[in-house]
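Q: This is the structure, below, for whatever I ask next.
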Amino acid sequence: MTAQIIQTNDAPFNKVSIDPVTLEVIENALRNARIEMDATLVRTAMSPGIREQGDAFPLIADRTGQMVVGQFGSYIGPFLDGFDGTVEEGDMILLSDPYSVGGAISHLNDWLVLLPVFKDGRLIAYTSMFGHQSDIGGKVVGSMPIDATSIFEEGVRIPPVKIYSKGVYNADVIKLIMAQTRKPDWCTADLNALIASCRVAARRVVEMCERFGDDVFAAATDELLARNYRAMKQLIASSISEEKVSFEDYICDDGMGYGPYKIRCTMHREGEIVVLDFDGTDPQSQASINFFLNENMLKMFFGIYMIMVFDPQVLFNDGYYDLIRVKIPEGSLLKPKFPAALSGRTHALGRLFDIMGGLLGQKTPEFLNAAGFSSSPHLFYSGYDAKGRWFQLFQIGFGGIPGRPLGDGPDGHSLFPGFTNVPNEFLERYFPLVIERYETVADSGGAGLHRGGNGIIMSYRFLAAGTIAIHDDRWFTPPWGVNGGEPGARARKILEKPDGTQTVVGNKLENLTVEEGDILHFITWGGGGWGDPLLREPKLLEVELERGLVTAEGAKRYGVVLVDGKVDEAATEALRAKMRAERGPVTEVFNFGPDIDTLRANSLAETGLPAPKAPVKLAHFAA
């Protein structure tokens, strides 16, 4: 079953040479077209997740479907391999079902629009955009039930369908889809925004072809992919050993009382090929924390990490995929069997970045990041306001970014660099709530020569009774430090009643009832620290104390004594000497904190929550 490309002009593109200046112009024109896609999207979308936070990802691919510019890598190959139909001029495809495209998109909330770009009867490119829809039906508001046990509970499944066929709009299928969502106004506007973004990029591609010629444009995309292949080949040869290295990390729990779930990866080089083998990863979960990981998506993650660590000037695209081989066990957390639930896959997605860092840094610890790309916290709040109007909020929160070789981790930042926060003024204008606090949590970043980024506390006072759901992680296993750095603080969620009574609530939960006047303290994790904290410049602690990033007590983790906000140099020197003598030399690259058994034993006392039970292997279940 493979898609059939219909062209009225089957003349092959002529192979032409391209000079460096023209290549540079086309490359930057493609970059700008991608930026224009984003700008079009945020100006026309309605949901806060896309309009305010930018939870959408553009792509421009060459005529074969390989991504030339974008972020998540191309899903066009898996689509073409699995689509039993034609692709013709005037067509536009919509899909959301991960199982229909081999996990190329990873949960049902992500609606993907794909536009084949034709010129003079020939396919010359593809443009695409996918964005997170705030509600697609299913059993809970927001359509991301953490306790779902199959994908059928998570909302409408859209296999690849033509919403335009030879230029004719399929209004009936859109009506059918929109009838499944609690927010058809948002979803309709967001879908139109995705369509508009793809059309803008398609126009820019045609303009480039008209300016430079079809053959030159095709040659330019070929060369951009080939250049990336050559650059990555050199990076792999110089950075990846033939000796196997392994790393593992954990998803804290599944929201149904089980965890932690292990993700394990072993990496080595065979000739010029990198092998990433996830043998040893835990079996799939009963709940929705499974991540149906597409191999090409992982190749993109790996390449982005390699490029950003070792050579940030390289423009990443799909050109290097042949240099990476990925092995993921069937039935595991990263390749669950249908119809496993997938809506809570963000935690595993985030953990992969920590694992990539742990793998790549073992042989070159000077390039190693600590942990902290650990999750993407979500809050859902819904109900009826004082005027009887329905409201529902989906918001992405931010945690601490890890300490790095070149500096401290940012405080309260997103897993994805392009995401932005929803302004508090927007939240208070459109939803019945008040933001009482929005600030970094002092001392939550792991201590180090380079401090881990602090987590944040966001305190929501609810002005209307309703229901909330929370999706977060790193509450049980802390973000680890490296090269002498300490782990970051763990996440916490506290519900405070109007009388001041506080209750620790889970970091993954559904359908928690809140009353008017209740306050939710949404506290995220801090990033792990990098390097020996006793080497940090003491004067920095004065500045950070003034800015509320550390406390006087927390400064002692760095061996720094602050008196009235100033460094006591004699006391600091004495404390550091004492700490060095007690701990001995720093020899371990990773500081994971306590082992799993110790975390289990201390969970209730340290977190206010019972420890999760060890996961059990599930028998395969039928749809």
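The values are calculated or read from the model by the stated rules, or taken from the named source; none is laboratory data. Not measured: the values here are computed from a predicted model. All Cβ positions, glycine included, derive from the backbone under ideal geometry; neighbour counts span all protein chains shown. Only protein heavy atoms, including side chains, enter the accessible area calculation; ligands, DNA and RNA are left aside. Shrake-Rupley method; radii C 1.70, N 1.55, O 1.52, S 1.80 Å.
Q: Can you tell me how many residues in region 351-405 are crowded, with 20+ Cβ neighbours inside 10 Å and acidic (Asp, Glu)?
A: Count: 1.
Q: With the requirement that a residue be more than 26 Å from GLU88 (Cβ to Cβ) and either of a type in the set (Val, Ile, Thr) or open to solvent by less than 60 Å² (accessible area, probe 1.4 Å) (or both), what does region 1-25 give you?
A: Residues satisfying the conditions are VAL16, ILE18, VAL21, THR22, LEU23, VAL25.
Q: THR572 is checked against (1) closer than 30 Å to HIS471 by Cβ; (2) of a type in the set (S, T, N, Q); (3) open to solvent by less than 30 Å² (accessible area, probe 1.4 Å) and fails just one. What number does that condition carry?
A: The one condition THR572 does not meet is (1).
Q: Still on this structure: Can you tell me which residue is nearest to LEU449 (Cα to Cα) among those in region 480-507 that are open to solvent by 10 Å² or more (accessible area, probe 1.4 Å) and assigned to a strand (DSSP E or B)?
A: Only one residue tops the list, namely ARG492.
Q: Within region 79-96, can you find the residues that are within 17 Å of PRO159 (Cα to Cα) and open to solvent by 10 Å² or more (accessible area, probe 1.4 Å)? I'd like the intermediate steps shown before the answer.
A: From region 79-96, those within 17 Å of PRO159 (Cα to Cα) are 79-87, 91-96; that's our starting set.
Passing the criteria: LEU80, ASP81, GLY82, PHE83, ASP84, GLY85, THR86.
Q: Look through region 108-157, keep the residues that are part of a strand (DSSP E or B) and of a type in the set (Lys, Arg), and return whichever of them is farthest from ALA33 (Cα to Cα).
A: Pass one, region 108-157, residues part of a strand (DSSP E or B): 110-119, 122-132.
Remaining after also requiring of a type in the set (Lys, Arg): 119, 122.
On the way: LYS119: 17, ARG122: 21 Å.
Among them, the one singled out is ARG122.
Q: Starting from region 178-195, take each residue that is free of Cβ contacts under 8 Å to residues at least 60 places away in the same chain and surrounded by fewer than 17 Cβ atoms within 10 Å (Cβ to Cβ) and list its partners that are among the small types (Gly, Ala, Ser) and not in a helix (DSSP H, G or I), counting only C-beta distances under 9 angstrom and pairs at least six apart or across chains.
A: ALA179/GLY137
Q: What number of residues in region 231-286 are assigned to a loop (DSSP other than H, G, I, E, B), open to solvent by less than 40 Å² (accessible area, probe 1.4 Å) and over 17 Å from THR477 (Cα atoms)?
A: Residues of region 231-286 that are assigned to a loop (DSSP other than H, G, I, E, B), as a first pass: 240-244, 252-257, 259-260, 271-272, 278-282, 284-286.
Pick out the ones that are also open to solvent by less than 40 Å² (accessible area, probe 1.4 Å) and you get 240, 252-255, 257, 259-260, 278, 280-282, 284-285.
Add one more test, that the residue is over 17 Å from THR477 (Cα atoms), and what stays is 240, 278, 280, 284-285.
Looking only at that region, the number is 5.
Q: Please identify the pairs in which a residue from region 79-94 that is in a strand (DSSP E or B) has its Cβ atom under 9 Å from the Cβ atom of a residue that is among the aromatic types (Phe, Trp, Tyr) and modelled with pLDDT of 95 or more, counting only partners at least 6 apart or on another chain.
A: Once the first residue is in a strand (DSSP E or B) and sits in region 79-94, its partners that are among the aromatic types (Phe, Trp, Tyr) and modelled with pLDDT of 95 or more give MET92/TYR164; MET92/TYR169; ILE93/TYR164; LEU94/TRP111.
Q: Please find, within region 590-604, the residue that is farthest from the chain's Cα centre (by Cα) out of those that are surrounded by 15 or more Cβ atoms within 10 Å (Cβ to Cβ) and part of a loop (DSSP other than H, G, I, E, B). Show your work before the answer.
A: Applying the first criterion (surrounded by 15 or more Cβ atoms within 10 Å (Cβ to Cβ)) to region 590-604 yields 590-593, 596, 599-600, 603.
Still in the list and also part of a loop (DSSP other than H, G, I, E, B): 592-593.
Details: PHE592: 22, GLY593: 24 Å.
Of everything passing the filter in region 590-604, GLY593 is farthest from the chain's Cα centre (by Cα).
Q: Hey, could you check region 255-278 for residues that are out of contact with any strand residue (DSSP E or B) (no Cβ under 7 Å at 6 or more places or on another chain) and in contact (Cβ under 8 Å) with a residue 24 or more places away in the chain and say which is farthest from GLY77 (Cα to Cα)?
A: Looking only at region 255-278, we keep the residues that are out of contact with any strand residue (DSSP E or B) (no Cβ under 7 Å at 6 or more places or on another chain), and these are 256, 269-272.
If we keep only those that are in contact (Cβ under 8 Å) with a residue 24 or more places away in the chain as well, we get 256, 269-270, 272.
Values: MET256: 36, ARG269: 25, GLU270: 25, GLU272: 23 Å.
This residue is MET256.
Q: Would you please name the residue that is nearest to TYR258 (Cα to Cα), looking only at residues in region 158-180 that are modelled with pLDDT of 95 or more and in contact with a Ser or Thr (Cβ under 7 Å, 6 or more places away or on another chain)?
A: ILE158
Q: Go through region 90-129 and give me each residue that's closer than 23 Å to ILE328 by Cα and hydrophobic (A, V, I, L, M, F, W, C).
A: Taking region 90-129 as the starting set, the residues that turn out to be closer than 23 Å to ILE328 by Cα are 96-108, 110.
Residues satisfying the conditions are VAL101, ALA104, ILE105, LEU108.
Q: Which one of ILE105, ILE60 is assigned to a loop (DSSP other than H, G, I, E, B), on the phi < 0 side of the Ramachandran plot and either crowded, with 24+ Cβ neighbours inside 10 Å or in contact with a Cys (Cβ under 7 Å, 6 or more places away or on another chain) (or both)? Walk me through it before giving the result.
A: On the way: ILE60 fails: assigned to a loop (DSSP other than H, G, I, E, B).
Testing whether each residue is assigned to a loop (DSSP other than H, G, I, E, B), on the phi < 0 side of the Ramachandran plot and either crowded, with 24+ Cβ neighbours inside 10 Å or in contact with a Cys (Cβ under 7 Å, 6 or more places away or on another chain) (or both) leaves just ILE105.
Q: Related question: Among the listed residues ALA348, ALA340, identify the single one that is within 14 Å of GLY103 (Cα to Cα), at pLDDT 90 or above, open to solvent by less than 20 Å² (accessible area, probe 1.4 Å) and part of a helix (DSSP H, G or I). Walk me through it before giving the result.
A: Working: ALA340 fails: part of a helix (DSSP H, G or I).
Within the list ALA348, ALA340, the selection yields ALA348.
Q: Can you give me the number of residues within region 34-45 that are out of contact with any Ser or Thr (no Cβ under 8 Å at 6 or more places or on another chain), hydrophobic (A, V, I, L, M, F, W, C), touching a residue at least 40 places away in the same chain (Cβ under 8 Å) and within 19 Å of ASP62 (Cα to Cα)?
A: 0
Q: Cβ-Cβ distance below 6 Å, separation of 6 or more or different chains: which pairs start in region 1-15 with a residue that is in contact (Cβ under 8 Å) with a residue 24 or more places away in the chain and end on one that is open to solvent by less than 80 Å² (accessible area, probe 1.4 Å) and polar (S, T, N, Q)?
A: GLN4/THR86; ILE6/THR86
Q: For region 605-623, give me each residue that is open to solvent by 80 Å² or more (accessible area, probe 1.4 Å) and at pLDDT 95 or above.
A: Residues satisfying the conditions are ALA605, GLU606, PRO610, LYS613.
Q: On to the next question. For the structure I just gave you, tell me whether ILE76 is farther than 28 Å from GLU210 by Cβ, buried (at least 24 other Cβ atoms within 10 Å of the Cβ) and hydrophobic (A, V, I, L, M, F, W, C). Before you say what the answer is, go through the steps one by one.
A: Values: farther than 28 Å from GLU210 by Cβ: no; buried (at least 24 other Cβ atoms within 10 Å of the Cβ): yes; hydrophobic (A, V, I, L, M, F, W, C): yes.
Spelling it out, it is not the case that ILE76 is farther than 28 Å from GLU210 by Cβ, buried (at least 24 other Cβ atoms within 10 Å of the Cβ) and hydrophobic (A, V, I, L, M, F, W, C).
Q: In addition: Give LEU562, LEU545, LEU534, LEU520 a once-over and let me know the one that is under 30 Å from ALA464 (Cβ atoms) and surrounded by 14 or more Cβ atoms within 10 Å (Cβ to Cβ). Before the answer, list the steps.
A: Details: LEU562 fails: under 30 Å from ALA464 (Cβ atoms); LEU545 fails: under 30 Å from ALA464 (Cβ atoms); LEU534 fails: under 30 Å from ALA464 (Cβ atoms).
Sole residue among the options that is under 30 Å from ALA464 (Cβ atoms) and surrounded by 14 or more Cβ atoms within 10 Å (Cβ to Cβ): LEU520.
Q: So which residues in region 401-457 are basic (Lys, Arg), in contact with a strand residue (DSSP E or B) (Cβ under 9 Å, 6 or more places away or on another chain) and not in a strand (DSSP E or B), if there are any at all? Write out each step before concluding.
A: Within region 401-457, the subset basic (Lys, Arg) is 404, 429, 437, 451.
After this cut, where a residue has to be in contact with a strand residue (DSSP E or B) (Cβ under 9 Å, 6 or more places away or on another chain) as well, the list is 404, 437, 451.
Passing the criteria: only ARG451.
Q: So, one more: Does ALA171 meet the test of being within 29 Å of GLN395 (Cβ to Cβ) and surrounded by fewer than 24 Cβ atoms within 10 Å (Cβ to Cβ)?
A: Values: within 29 Å of GLN395 (Cβ to Cβ): no; surrounded by fewer than 24 Cβ atoms within 10 Å (Cβ to Cβ): yes.
No.
Q: Quick one: would you say PRO329 is closer than 27 Å to ILE76 by Cα and surrounded by 23 or more Cβ atoms within 10 Å (Cβ to Cβ)?
A: Values: closer than 27 Å to ILE76 by Cα: yes; surrounded by 23 or more Cβ atoms within 10 Å (Cβ to Cβ): no.
No.
Q: Select from region 151-168 the residues that are farther than 12 Å from ASN109 by Cβ and either open to solvent by 20 Å² or more (accessible area, probe 1.4 Å) or among the charged types (D, E, K, R) (or both) and list them in ascending order. Reasoning before the result, please.
A: Quick first cut of region 151-168, residues farther than 12 Å from ASN109 by Cβ only: 152-153, 159-168.
PHE152, GLU153, PRO159, PRO160, VAL161, LYS162, TYR164, SER165, LYS166, GLY167, VAL168, listed by residue number.
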